[in-house]
1. Return the residue satisfying two criteria in turn: it lies in segment 15-31 and is in a helix (DSSP H, G or I) and of a type in the set (D, E, K, R), and of such residues it is farthest from LEU41 (Cα to Cα).
2. Is it the case that some residue within segment 21-32 is crowded, with 19+ Cβ neighbours inside 10 Å and of a type outside the set (Ser, Thr, Tyr)?
3. Is at least one residue of segment 129-139 under 23 Å from THR16 (Cβ atoms), of a type in the set (S, T, N, Q) and within 16 Å of the chain's Cα centre (by Cα)?
4. For segment 100-149, which positions are of a type in the set (Asp, Glu), without any contact (Cβ under 8 Å) to a residue 60 or more places away in the chain and closer than 23 Å to GLU59 by Cβ?
5. Of the residues PHE141, PHE61, only one is crowded, with 18+ Cβ neighbours inside 10 Å and either closer than 15 Å to GLY5 by Cα or in contact with a Phe, Trp or Tyr (Cβ under 9 Å, 6 or more places away or on another chain) (or both); which?
6. Name, by its number, the condition in (1) at pLDDT below 95; (2) farther than 14 Å from MET1 by Cβ that does not hold for GLY133.
7. Could you pull out the residue among GLY125, GLY99, GLY113, GLY153 that is at pLDDT 95 or above, surrounded by 17 or more Cβ atoms within 10 Å (Cβ to Cβ) and not polar (S, T, N, Q)?
8. Given the condition among the charged types (D, E, K, R) and either out of contact with any Ser or Thr (no Cβ under 8 Å at 6 or more places or on another chain) or under 23 Å from GLN137 (Cβ atoms) (or both), answer yes or no: does some residue in segment 21-30 qualify?
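The values are calculated or read from the model by the stated rules, or taken from the named source; none is laboratory data. Just so we're clear, the structure is a prediction, and the values are computed from it rather than from any experiment. With ideal geometry, Cβ positions are generated from the backbone for all residues, glycine too; neighbour counts draw on all protein chains shown.
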Amino acid sequence: MKFSGTAHRYGRDVDTDVIIPARYLNTSDPDELALHCMEDLDAGFVGKVSAGDILVAEENFGCGSSREHAPIAIKHAGVSVVIAKSFARIFYRNAINTGLPIMEAPDAVDGIGDGDEVTVDADTGTITNVTTGASWQAQPFPPFIRDIIEGGGLVEAARARLGANAG
């Protein structure tokens, strides 16, 4: 899996309440959730993110309440991958389960600025800041996680696997 896009950078402790505010949790429509992604932290986020862009954050990204709506909103807003120094554990698993690629890469976060062009090769773990030419090595996805993400999330990957084995 390869990703390329503009970096949108945020600080530490970005919680799920600012990723997708609770007032929008009355819907599970991914496109509706995407319209409100990050609006309490960055009101212009949805207007400036383009398909394939990359979200970069400091420590503890996705802390707060456990809501699958948060990674769904990020993914459907157009973000291809989230790179952070660390993730809240429940967000980490919710992201994988919903098919949103995430990578822990503290050194890369330190070397990526808002607006930089970034490429990610998730198969090798290589993150490159195209703007500066710097590269970092992160842990690549293990095959079972790669299969879940490529399958569109845990439920979709399981359905495909069961469908392939049925009959």
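1. The extreme case among them is ASP31.
2. No, because not a single residue in segment 21-32 is crowded, with 19+ Cβ neighbours inside 10 Å and of a type outside the set (Ser, Thr, Tyr).
3. Within segment 129-139 (the criterion being under 23 Å from THR16 (Cβ atoms), of a type in the set (S, T, N, Q) and within 16 Å of the chain's Cα centre (by Cα)), the answer is no, since none of the residues qualifies.
4. The answer is GLU104, ASP107, ASP110.
5. Only one candidate passes the filter, namely PHE61.
6. Going through the list (1) at pLDDT below 95; (2) farther than 14 Å from MET1 by Cβ, GLY133 breaks only (1).
7. The match here is GLY99.
8. yes
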